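Structure first, commentary second.
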Amino acid sequence: MSASRWISTSMPYLTPREQGQGDAWSADTAARGRRGSQRITHAGEVPAPAEVAQLLGLHDGEPVVVRRRLIFLEDEPNELTDTYYPTAIARGSPLAGTAKIRGGAVTLLAELGHVGVLVREDVTAGLPDENEQEALRLTETDPVLRLTRLTLNRDDRPIQVDRMVMPAQRQQLRYEIRIG
């Protein structure tokens with residue numbers, strides 16, 4: 001497998017970090033001898049896109065808090081991620097700001113009393129739009145993977161929706177499922 005290709009597993013990004021640990025992406029890449037970083041390009045309240053509103057159980061256009069990030073592997077753009085939260089959870093919290101969150105957003109959510117216990121991921125493939133082409137340094141014919149992740153708490157209430165776009169030729173998604 002090419003050194004520029006990344007094998008992505010979801011589990012490290014779903015579990016709160018221990019006190020003093022950094023974010024999951026930096027730790028994951030460092031454990032594999034690589035360097036991962038991210039840039040928050042926007043954070044704050046926005047009208048919920050239709051798909052996000054549906055997943056969060058909201059009306060189209062109802063306000064949500066979003067954190068938009070450009071994720072890098074070494075110095076190469078590796079992923080665009082928009083993470084949406086209900087305003088009842090995120091309004092006025094560090095999730096609504098652009099500062100880095102110690103231990104990552106999942107850790108902060110747990111500290112706020114919102115722990116995910118069920119995650120559903122849907123993956124599709126397609127071609128990038130103009131903004132995705134520019135941010136990920138792609139051509140209009142380079143395929144992308146789109147992963148939408150819904151996280152629910154123990155009461156089956158949605159606490160987070162992630163929408164990720166990744167260059168298909170640089171990714172491999174791995175799902176490990178333990179039964180019993």
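The values are calculated or read from the model by the stated rules, or taken from the named source; none is laboratory data. From a predicted model like this one, the values you see are computed outputs, not experimental measurements. Cβ sites come from the backbone with ideal geometry, for glycine too, and all protein chains shown count toward neighbours.
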| said: For a quick check of your reading: which helices (runs of 4 or more DSSP H) sit entirely within the range 1-116 and have at least 3 residues that are buried (at least 16 other Cβ atoms within 10 Å of the Cβ) and modelled with pLDDT under 90? | reply: 24-31
| said: Of the conditions (1) within 18 Å of the chain's Cα centre (by Cα); (2) closer than 23 Å to SER37 by Cβ; (3) charged (D, E, K, R), GLU121 satisfies every one except a single condition; which number is it? | reply: (2)
| Cβ-Cβ below 7 Å, separation at least six or inter-chain, first residue in the range 136-159 and in contact (Cβ under 8 Å) with a residue 40 or more places away in the chain and under 17 Å from PRO77 (Cα atoms), second among the hydrophobic types (A, V, I, L, M, F, W, C) and assigned to a strand (DSSP E or B): which pairs? | LEU136/LEU80
| One residue from THR124, THR139 being at pLDDT 95 or above, surrounded by fewer than 16 Cβ atoms within 10 Å (Cβ to Cβ) and in a strand (DSSP E or B) | THR124
| Name the pairs whose Cβ atoms lie under 8 Å apart, with the first residue in the range 106-130 and without any contact (Cβ under 8 Å) to a residue 24 or more places away in the chain, the second surrounded by 15 or more Cβ atoms within 10 Å (Cβ to Cβ) and part of a helix (DSSP H, G or I), and 6 or more positions between them or separate chains? | LEU108/PRO94; LEU108/LEU95; LEU112/ILE89
